[in-house]
Amino acid sequence: MNERYDFQAIEMKWQQRWAQAQEFAAREDSTLPKYYVLEMLPYPSGALHIGHVRNYSLGDSIARFKRMQGFNVLHPIGWDAFGLPAENAAIKNEIPPERWTMDNIAIMRKQCLQMGWTYDWEREIATCRPEYYRWTQWFFLQMYKQGLAYQRKGTVNWCEQCQTVLANEQVVEGCCWRDGTLVIEKELEQWCFRITEYNEQLLQDLDQLEDWPEKVKSMQRNWIGKSVGAQVTFPLADTQGDGLDIFTTRLDTIYGATFVVLAPEHELVRGWMDDTQSSEELSRFVKAIRRQGKALRTAEETEKKGVFTGHYAINPFTRERIPIWIANFVLMEYGTGAIMAVPAHDERDFDFAKNYDLSIRQVIQSQDQDAGPDLEQAFVDDGVLVNSESFSGLSSEVAQKKMVEYAQAQGFGEAAVSYRLRDWSISRQRYWGTPIPIVHCQKCGAVPVPEEDLPVKLPKVETIQLGQSPLATIPEFLNTSCPKCQGKAQRETDTMDTFVDSSWYFYRYTDPQIDSAPVRDEAVRYWFPVDIYIGGVEHAILHLIYMRFFTKLMRDLGLTGFGEPVKRLFTQGMVLQEGMAMSKSRGNTVSPESVVREYGTDALRLFIQFAAPPERDLDWSDQGLEGCSRFLKRLWRLLHRIVEEMSPDATASSVSREELSEPGRALQRKLHQTIQKVTNDLERIRQNTAIAAIMELLNSIYEYADREDQPDPAMLKEVLKTTALLLSPFAPHFAEEMWETLGQAERLTFAPWPVFDPELAREEEVKIIIQVNGKVRSRVSALPGISEEEMQTLALDDQKTKAYIEGKTIRKIIVVPQKLVNIVV
RNA sequence: GCCCGGGUGGCGGAAUUGGCAGACGCACAGGACUUAAAAUCCUGUGAGGGUUUCCCUCGUGAGGGUUCGAGUCCCUCCCCGGGCACCA
């Protein structure tokens with residue numbers, strides 16, 4: 001008797017068969033409906049961690065489900081292979097980053113196969129291969145041509161630990177996203193992508209992403225940070241110059257603008273500092289602020305400090321002469337780097353005015369109260385204008401419109417919009433990345449490498465030394481000739497941010513072989529959009545905004561015809577241990593390998609999908625895993641018991657309801673209800689409840705099989721076959737084995753997904769809930785299709801119910817068809 | 001401060017539309033099998049109470065509201081998680 005569930009043998013057996021058959025290689029076929037399941041590609045860090053297992057098992061359950069439903073499924077995988085950890089490992093272990101990376105890919109690829117994930121390995125990509133990064137460089141050149149890639153000298157975020165520049169998106173609370181090192185400012189020449197060119201589209205198009213989590217959309221909206229307001233020019237009072245531009249979202253408060261504040265980095269300030277008449281105090285203050293790190297300067301608890309410049313501007317509305325100050329709380333990067341200060345109606349300006357005894361003038365009055373004598377704090381809400389000449393009496397909203405019109409007519413202002421989103425700084429002063437295809441020539445300046453010369457290959461290195469840009473130390477790479485004048489020139493030695501590599505990889509999957517273009521039009525047209533994209537929420541404003549940017553760029557380059565690449569985004573939760581993130585330093589990690597060794601892949605896959613809804617964090621539990629393993633063993637035992645008991649002639653595979661006894665019909669009903677539930681749950685990505693439904697079904701099968709009176713063998717076989725089908729997205733090896741044990745010749749992977757029959761799923765009798773005054777008092781059975789009148793009669797005749805309504809007047813009876821009667825007394 | 005989530009037994013979590021709160025699993029308790037244990041199987045398991053095959057009361061963060069009926073809808077508040085933040 002083959003009783004023991006030998007998961008190792010079973011899993012190996014099916015993995016080998018799947019690999020031989022190449023069953024999961026996708027073919028373009030316009031006669032079939034397609035489904036593109038994508039998971040965020042992993043960084044080859046060494047071995048799969050439990051978070052990968054959750055992410056990819058979820059994706060695989062969807063891929064398998066859709067495949068069985070008859071979709072032509074594209075389910076690819078690749079490697080986000082460039083990046084710092086490879087370089088750090090190279091420094092530590094003195095091995096080439098390429099070898100470290102390729103070794104890791106080999107390990108992780110093997111693990112993917114051991115997990116039974118159905119990837120199309122013919123489409124595997126690695127972003128560090130020249131055939132791939134050639135096109136990353138090509139994108140750079142296209143952007144350069146369009147003016148969307150440009151070089152800028154300026155202040156950048158610098159991580160001392162990583163020895164490189166970071167994009168704004170990679171700075172989290174003033175620290176490096178990777179290692180938490182405090183980010184410092186540095187002046188550097190940098191390549192940037194003009195993502196701000198697309199800020200309005202990136203914002204607007206979020207509205208069409210109906211199947212994206214609200215959370216991610218709101219994070220992106222916050223990050224783009226659009227503010228609508230006005231730009232107004234304040235003429236300088238006694239100095240030469242064009243005047244001072246300020247941005248405000250509260251033009252209605254401008255009559256209360258009693259001074260102006262500049263950021264210390266403002267260009268006017270530079271001029272004034274050079275002025276011999278400028279005060280010592282001014283220079284000292286500016287230098288002190290600029291020395292201070294941004295994190296400290298922008299901390300909320302930092303006191304508002306400033307200094308008077310000695311200069312004045314004219315408020316164009318009041319025509320008053322008002323002082324110009326410099327302060328730490330005004331930032332150069334936002335708006336125009338200058339503000340009009342309205343202390344009566346802005347908390348920051350209020351604090352500042354109190355500190356330096358500047359005048360405060362109320363110009364907005366709350367709608368429901370009279371103007372108080374003295375403001376004790378800023379009144380920041382909208383209201384009605386006062387002390388504002390002809391605008392007095394208007395509401396804030398109306399006044400803003402009229403005042404913009406007025407400013408525009410007078411020629412000193414206009415409506416304006418400001419965004420928080422900054423251009424994407426992509427230069428990295430490191431080795432292991434895509435080389436930037438630019439040559440620096442003494443005569444011609446920065447010259448792009450001609451497209452036909454791509455790829456600019458990354459030279460091989462044996463080891464890497466810390467503290468230098470490796471590419472600058474390799475003469476064969478560095479020295480070249482200028483593509484324009486053929487003179488001596490040097491290559492750009494920075495490489496690209498790895499987020500550039502991953503901004504377009506999912507397009508490449510549609511045809512990873514093509515070498516005449518980054519993508520092939522028909523392939524993209526067939527497979528796109530991505531039907532579902534699964535990954536962690538930590539990329540909500542990194543990868544997921546860059547990827548949307550690239551999609552718009554590709555559309556504008558004429559490569560594709562759409563603006564959004566992903567129809568449905570699914571952000572899965574993290575795997576925690578006792579409520580805390582797993583980390584090597586904390587020593588609370590769970591190794592997928594050892595779990596697989598002890599319980600098998602199927603038990604792990606089942607547990608990780610059962611323990612919590614996919615979008616929520618999941619607390620790891622050895623006992624929960626044990627429970628799932630128990631479920632598989634229990635099913636195994638039942639399967640073999642039934643197969644052995646079954647006489648050979650009992651293999652008729654169809655069961656008609658008429659031939660079944662009542663318990664058999666009940667099981668058939670449960671089966672069809674389960675098919676319906678599992679199918680719906682998979683569409684909704686509620687794998688946890690889908691699995692719970694299969695567990696319930698198994699409980700029902702046991703109940704039926706253990707009956708004294710001859711259970712119907714054909715019914716048992718049918719229910720087990722369907723159980724195998726339903727289980728296959730979650731525990732595929734087990735399901736295949738089960739399918740084979742039940743005598744099925746063809747492969748389960750492409751067997752059609754079961755369809756539920758509403759006729760068979762329908763209850764033979766309905767349970768009617770009887771309530772009195774909204775409280776459940778009784779339950780009675782009735783035949784389906786019972787009329788409302790009959791239900792009422794049934795309720796009123798019910799013995800239990802009678803006790804509650806006796807001697808009381810019935811005021812009203814509510815009947816919910818087939819479900820409930822509520823008697824109000 | 002602003003913007004998104006979320007709060008249900010001892011625990012993870014169920015409950016597409018307002019209609020039996022607690023599915024499924026874990027843990028726990030009792031029992032069966034066993035010399036014993038493991039494994040397995042059966043039973044019970046929100047709280048409190050009663051006249052204990054059964055029945056009652058309370059119960060989904062707090063308070064109020066809408067409704068015949070609210071975990072679900074509305075208002076106010078509290079707590080937890082996440083994002084943004086001296087952003088003008």
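Rule-based calculations on the coordinates, nothing more; no lab input. Note that the structure is a prediction, hence the values are computed from the model and not measured. Please note: Cβ atoms are built from the backbone with ideal geometry, for glycine as well, and neighbour counts cover all protein chains shown.
Between 0 and 90 degrees, the angle of helix A:622-645 with respect to the longest Cα principal axis of chain A falls at about 30 degrees. Below 8 Å between Cα atoms, with a sequence gap of 6+, how large is the relative contact order for region A:57-132 in percent? This gives 44 percent for region A:57-132.
Using a cutoff of 8 angstrom between alpha carbon atoms and counting only pairs six or more residues apart, the relative contact order for chain A works out to 14 percent.
For each of A:TRP432, A:TRP158, A:TRP739, count neighbouring Cβ atoms within 10 Å of the residue's Cβ, then give the residues from fewest to most.
Exposure proxy ranking, most exposed first: A:TRP158, A:TRP739, A:TRP432.
Summed over all non-identical Cα pairs, the Kirkwood treatment of region A:505-619 gives a radius of 17.0 Å. Residues whose amide H falls under 5 Å from that of A:PHE82, counting only those 5 or more places apart or on a different chain, are A:THR127, A:CYS128, with hydrogens built in the peptide plane. Counting only alpha carbon atoms, the long axis of helix A:713-727 and the longest principal axis of chain A meet at about 10°. Can you list the residues of region A:554-574 with backbone N under 18 Å from a point 7 Å past the Cα of A:LYS145, pointing along Cα to Cβ? Backbone N within reach: A:554-561. DSSP finds beta bridges in chain A, and of those with both partners inside it, around 75 percent are antiparallel. Under the simplified labelling scheme, the A:GLU267-A:THR589 pair shows an inter-label distance of 5.1 nm, with each label point 7 Å from Cα along Cα→Cβ. Lysine pair count for region A:212-350 (Cα-Cα distance under 17 Å; residues 8 or more apart in sequence or on different chains): 5. Prolate is the label for region A:234-281. Its Cα gyration tensor axes, ordered a ≥ b ≥ c, give a/c of at least 1.5 and a/b above b/c.
Per-residue ellipticity at 222 nm from helix content only, as computed over chain A with -39500 (n - 2.57) for each DSSP H run of at least four residues, stands at -11500 deg cm²/dmol. Across region A:242-256, rounded Karplus estimates of 3J(HN,Hα) from the backbone phi angles (6.51 cos²θ - 1.76 cosθ + 1.60, θ = phi - 60°) give 7, x, 10, 8, 10, 10, 9, 9, 10, 4, 4, 9, 5, 5, x Hz, Gly and Pro being marked x.
Along the charge dipole of region A:352-504, pointing to its positive end and built from +1/-1 on Cβ of Lys, Arg, Asp and Glu, which listed residue (A:VAL447, A:GLN490, A:PRO435) has its Cα farthest out? So the residue we want is A:GLN490. Each peptide in A:621-632, A:134-145 gets a packing score, the mean of other Cβ atoms within 10 Å over its residues, and the list from highest to lowest is A:134-145, A:621-632.
Can you give the net charge of the other residues whose Cβ lies under 13 Å from the Cβ of A:LEU682, counting K and R as +1 and D and E as -1? That works out to +3.
Using 0.36 nm times the number of residues separating A:SER218 and A:LYS153, minus their current alpha carbon distance, what extension gain do you get?
Contour length minus Cα-Cα distance gives 20.2 nm.
The label-point distance for A:LYS443 and A:GLU645, in a model that sets each label 7 Å from Cα toward Cβ, rounds to 9.2 nm. Given +1 at the Cβ of Lys and Arg, -1 at the Cβ of Asp and Glu and no other charges, the dipole of region A:373-503 around its Cα centre is 900 debye to the nearest 20. Coupling constants for region A:354-366 follow from the phi torsions by the Karplus curve (6.51 cos²θ - 1.76 cosθ + 1.60, θ = phi - 60°), and in residue order they are 5, 4, 10, 6, 9, 6, 10, 10, 7, 10, 10, 10, 4 Hz; glycine and proline get x.
A crude spin-label estimate for the pair A:GLN377 and A:ASP521, with each label 7 Å from Cα along the Cβ direction, gives 6.2 nm.
Candidates A:VAL461, A:GLY587, A:TYR702 compared by Cα position along the dipole of chain A: farthest toward the positive end lies A:VAL461, with charges placed on Cβ.
Each Lys and Arg contributes +1 and each Asp and Glu -1, all at the Cβ; summed about the Cα centre of region A:178-313, the dipole is approximately 460 debye. Measuring max minus min along each principal axis, the C-alpha atoms of chain A give extents of 107, 88, 50 Å (largest first). Computed from the C-beta positions of A:GLU746 and A:LYS775 and an R0 of 56 Å, the FRET efficiency is 0.55 to the nearest 0.05. Can you sort A:GLU452, A:GLU87, A:GLU376, A:GLU414 so the residue with the fewest Cβ neighbours within 10 Å comes first? Least crowded to most crowded, the residues run A:GLU452, A:GLU376, A:GLU414, A:GLU87.
Extension gain for A:LYS92-A:ALA666 works out to 200.1 nm (0.36 nm per residue, less the C-alpha to C-alpha distance). May I ask which residue of A:GLN170, A:GLY147, A:GLN190 lies farthest towards the positive end of the charge dipole of region A:124-195, with charges of +1 (Lys, Arg) and -1 (Asp, Glu) on Cβ and the Cα centre as origin? Value: A:GLY147.
When the P(r) of region A:383-532 is calculated, the portion above 21 Å amounts to 67% of the C-alpha pairs.
I need the calculated FRET efficiency for the pair A:ALA9 and A:GLN513, taking r as the beta carbon distance and R₀ as 45 Å, to the nearest 0.05.
Efficiency computed from Cβ-Cβ geometry: 0.80.
With a cut-off of 18 Å on the backbone N, the residues of region A:199-243 near the modelled label site 7 Å out from A:ARG684 along Cα-Cβ are A:211-214.
In this structure, the amide hydrogen of A:ASN72, modeled 1.01 Å from its nitrogen in the peptide plane, lies closer than 5 angstrom to those of A:LYS34, A:TYR35, counting only residues at least 5 positions away or on a different chain.
Suppose every K and R has +1 on its Cβ and every D and E has -1 on its Cβ; what is the size of the dipole of chain A about the Cα centre, in Debye to the nearest 20? Walk me through the intermediate numbers first.
Values: 93 positive and 118 negative charges, 148 e Å.
Approximately 720 debye in magnitude.
Averaging 1/r over every pair of different alpha carbons in region A:699-779 and inverting the result gives a Kirkwood radius of 15.7 Å.
Amide H contacts for A:ARG777 (H built 1.01 Å from N in the peptide plane; partners 5 or more residues away or on another chain; cut-off under 5 Å): A:ILE770, A:GLN771, A:VAL772. For chain A, the longest principal axis of the alpha carbon atoms and the long axis of helix A:50-68 meet at an angle near 60°.
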